[in-house]
Amino acid sequence: MASIDIANIQKSYGIHPVLHDVDLKIRDGEFVVLVGPSGCGKSTLLRMIAGLESVTAGEIRIAGKRVNELAPKDRDIAMVFQSYALYPHMSVEKNMSYSLRLRKTPRERIATVVTGAAAKLGLEPLLERRPRALSGGQRQRVAMGRAIVRQPKAFLFDEPLSNLDARLREQMRAEIKKLHKDLGATSIYVTHDQIEAMTLADRIVAMNAGVVQQVGSPLDLYDRPANLFVAGFIGSPGMNFFDGTYHAGDRPLFEIAGEISIPLDAPAPLANNAKATLGIRPEHIVLAGHEPETLLATVDLVEPTGFGIILHLSLGRTAFKAFTNDRSFLTASGTIPVHFPAHRLHFFDGEGNRV
Amino acid sequence: MRAKSAFLTVAHRLAILAYVAFALFPLFWLLKVAVTPNDLLYSEGIRLWPSRASLEHFDFVLRHSAFPVFFRNSLIVSGSTAVVVTILASLSGYALSRFRFRGKYWLVTLMLLTQMFPLVMLVAPIFKILSPLGLTNSLTGLVIVYTAFNVPFATFLMQSFFDGIPKDLEEAAMIDGATQFVAFRQIILPLTLPGIAATLGFVFTAAWSELLFSLMLISGNEQATFPVGLLSFVSKFSVDFGQMMAAGVLALIPACLFFLLIQRYLVQGLTAGAVKG
Ligand SMILES: Nc1ncnc2c1ncn2[C@@H]1O[C@H](COP(=O)(O)OP(=O)(O)O)[C@@H](O)[C@H]1O
Ligand SMILES: [Mg+2]
């Protein structure tokens, strides 16, 4: 186990920059999740840590030691690939023991370790099988097993659950979390799925277009998103955004597109007449009147999810969503009163940064 | 329903049987003529098996004709060509599949271009080139020519086999602690065996049955390969069908043995990549 320092890392393919100045310190034993949309450079960053991609500029240190020029085999890390990358011509047992055999580990020790890992992952009855005779979930477990048989300095995961169906993904997610509790190993986990990021991470690194947008605990990112990108990426259904102008005064207002104003309970940290974006999560909208002025929204669509109800609403021409557990809204139609509590509001300036 | 599916099964089997019979009949006829004694060849009319079979043609071909020389020459030429081409094609196929380098596009185009010319057009220039080098009437010359003509296609064949092996596997091996070379040898190579077998088999048979260049570049019996040698059973006044067919049967043996040896890999190879997983 070890810490991993990523200092001002840059990566370009030819003239195309893919990562801009990524700076990140990962503590020993920490579970860090890199999250962001497809193509934002998550895999590239992970592969640079693994030694599978060269570093254009900057420095990577594992356990304090610079590894930029080190071959993957000398970095002592384990990686789980999205495709699992199991060796098709080897049995499950041989797949899991390959790294140990390469290191000339004594036979008895290999047997002990592989048996232990297989027991942990429920793979004992499958040890003699070839990968092609395994289901997707079983292959995934073997890939995990291959990573945990040796005690590497860090585990790297590149979207390891993307090829599983939703139910299995949920189950494996929990198992990965348990495994991390057991082993306490430094882990970097790449995913485009914000739920995976929220549930697994000690710390989330949100990335977009090769730039780190925010680093923080899952609840940090949920409660205090640093910018519009993070605000929109974390949470489902996503945060509602209203572009408009702030009017200060005794009764502060947020005017959206000149037609409608949202009354605010408390002054916003904005200058009078400032252009800004107001954000509020669907689950934070209160569906009730609020004196003295009640804001009325038109009901466009009602989506029951079982757990709750997603209401598609609009204020003038601006559409937004609200989430509620109150089943009486199943039959909502016409207009309903809505209220945006002040302590649930997020404001973003013209650059999209939180204010 | 039951009756219909049974009927379909029978029809299916019959269709396969008809196809197999059609495909194998010439081979059967080859064998039949080879074991028919000369005096029965024209006297018995058309029948499926002669009233008296003998191995006299085989005996003659093996002991009194130049056939063993042809056979040895063919074995040398085809074997060498297959081995050389497969080694070259494995290396170049791996490079085309895994590396990005300058001029790759033009190289591939050029290789495709070589496949477009009818061989007959090239016989004269090739003779002109090989003659001053002393490579006409020589087995080495034949190996060089066959290698040159087979490498492009074999390269594409090998490239497609390497392409079918995900890069992730090499990377996983390198993270597991292997060098690039060890990953190639322990992970990639075993997975490419079917491809190597298919390439070996393909090139061997191509060289084994090649007639045009052999005929043009070789004169005399000493260096002749077996397809050319077969023509020596055709004389000015008669064709020795019995002996010719016996030689043909014997010539089938190495090709059959070869395919028997590699067929396990070949079946895998030809279906590799057909299903994902
Ligand atoms: N070998 C490569 N050559 C050129 N561009 C690449 C290469 N690999 C990745 N890229 C580009 O780098 C960007 C980031 O890719 P990647 O790290 O795989 O994204 P992610 O894993 O976040 O989906 C993408 O725009 C992709 O097109
Ligand atoms: Mg990726």
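How well do other chains shield peptide A:72-79, expressed as the mean number of their Cβ atoms within 10 Å of each residue Cβ?
Mean number of neighbouring Cβ atoms from other chains: 5.
Determine the distance separating the Cα centre of region B:1-21 from the Cα centre of region B:152-182; give it in Å without decimals.
42 Å
Sorted by mean Cβ packing within 10 Å, highest first, what order do the peptides A:342-350, B:16-24 take?
Sorting A:342-350, B:16-24 by mean packing, highest first, produces A:342-350, B:16-24.
Treating the beta-carbon of each Lys and Arg as +1 and of each Asp and Glu as -1, no other charges, what is the dipole magnitude of region B:1-91 about its Cα centre, to the nearest 20 debye?
500 debye
Could you give the alpha-carbon Rg of chain B over 2.2 N^0.38 Å, rounded to two decimals?
Compactness ratio reported: 1.26.
Calculated FRET efficiency, residue B:6 and residue B:76, Cβ-Cβ r, R0 51 Å, to nearest 0.05? Walk me through the numbers before you get to the answer.
Values: r = 53 Å, r/R0 = 1.04.
The pair residue B:6/residue B:76 has a calculated efficiency of 0.45.
Please determine, in degrees from 0 to 90 and to the nearest 10, the orientation of helix B:189-208 with respect to the longest principal axis defined by the Cα atoms of chain B, where the helix direction is its Cα long axis.
30 degrees
For the Cα atoms of chain B, what angle does the longest principal axis make with the long axis of helix B:119-130, in degrees from 0 to 90, nearest 10?
Once rounded, the angle reads 80 degrees.
Per residue of B:179-186, what is the mean number of Cβ atoms on other protein chains within 10 angstrom of that residue's Cβ?
Mean partner-chain Cβ count within 10 Å for B:179-186: 2.
Only residues of region A:292-313 count here: report those whose backbone N is under 16 Å from the spot 7 Å along Cα→Cβ of residue A:328, or say none.
Inside the label zone: A:309.
What is the mean number of Cβ atoms from other protein chains located within 10 Å of the Cβ atom of each residue in peptide B:162-175, rounded to a whole number?
What the average comes to for B:162-175 is 6.
Once you sort the root eigenvalues of the Cα gyration tensor of region B:1-54 as a ≥ b ≥ c, which label holds: rounded (a/c under 1.5), prolate (a/b larger than b/c) or oblate (the other case)?
Taking the square roots of the gyration eigenvalues as a ≥ b ≥ c, region B:1-54 is prolate.
Which order do peptides A:133-140, B:41-48, B:78-85, A:239-246 fall in by mean Cβ count within 10 Å, highest first?
Listed from highest to lowest mean packing, they are B:78-85, A:239-246, A:133-140, B:41-48.
Using a 10 angstrom cutoff on alpha carbons, build the Gaussian network for chain B and name the most mobile of B:58, B:184, B:161.
Taking springs between Cα atoms under 10 Å, the residue moving most is B:184.
Within straight cross-link reach of residue B:32, meaning Cα distance under 26 Å, which lysines are found once same-chain residues fewer than 8 apart are removed?
The qualifying lysines are B:236.
Karplus couplings for region A:313-321 from phi (6.51 cos²θ - 1.76 cosθ + 1.60, θ = phi - 60°), rounded to Hz, Gly and Pro as x?
Residue by residue, region A:313-321 yields 10, 8, 10, x, 9, 8, 8, 7, 10 Hz.
Considering only B:20, B:40, B:53, whose Cα is most displaced toward the positive end of the charge dipole of region B:1-54, charges sitting on Cβ of Lys, Arg (+1) and Asp, Glu (-1)?
Looking along the dipole axis, the top candidate is B:20.
Which of the peptides B:130-139, A:27-36 is most tightly packed, and how do the rest follow, going by the mean number of other Cβ atoms within 10 Å of each residue?
Final packing ranking: A:27-36, B:130-139.
With a 1.4 Å probe, how much accessible area is buried between chains A and B, both sides summed, in Å² to the nearest hundred? Intermediate values should be presented prior to the final figure.
Details: alone 16810 and 16980 Å², together 32100 Å².
Buried area (both sides, nearest 100 Å²): 1700 Å².
As a quick test, which of the pairs A:25/A:321; A:11/A:94; A:153/B:167; A:11/A:321; A:11/A:275 have an alpha carbon distance above 32 angstrom in this structure?
Too far apart for the 32 Å limit: A:25/A:321; A:11/A:94; A:11/A:321; A:11/A:275.
When DSSP assigns beta bridges and you keep just the ones with both residues in the protein assembly as shown, what percent turn out antiparallel, to the nearest 5?
Of those bridges, close to 75 percent are antiparallel.
In whole Hz, what ³J(HN,Hα) sequence does region B:222-235 give by Karplus (6.51, -1.76, 1.60; θ = phi - 60°), x for Gly and Pro?
4, 9, 5, 8, 5, x, 5, x, 3, 5, 5, 7, 9, 9
Give me, ordered by chain and number, the residues 5 or more places off residue A:157 or on other chains with an amide H under 5 Å from its own placed amide H.
For residue A:157, the qualifying residues are A:80, A:188, A:189, A:190.
Please give the per residue accessible area of the protein assembly as shown, computed with a probe of 1.4 Å over protein heavy atoms only, in Å².
Values: 32100 Å² over 632 residues.
Per residue, the protein assembly as shown has 51 Å² of solvent-accessible surface.
Enter the angle in degrees (range 0 to 90, nearest 10) between the Cα long axis of helix B:2-35 and the first principal axis of the Cα atoms of chain B, meaning the one along which they spread out most.
Once rounded, one gets 60 degrees.
Counting only protein heavy atoms, what percent of the accessible surface of region A:240-348 is carbon or sulfur at a 1.4 Å probe?
C and S fraction of accessible area: 53 percent.
The values are calculated or read from the model by the stated rules, or taken from the named source; none is laboratory data. Predicted model, so just to flag it, every value in this text is computed and none were measured. Reconstructed Cβ throughout: ideal geometry from the backbone, glycine too, with neighbour counts over all protein chains shown. Remember, those area values only see protein heavy atoms, side chains included, never the ligands or the DNA or RNA. Shrake-Rupley method; radii C 1.70, N 1.55, O 1.52, S 1.80 Å.
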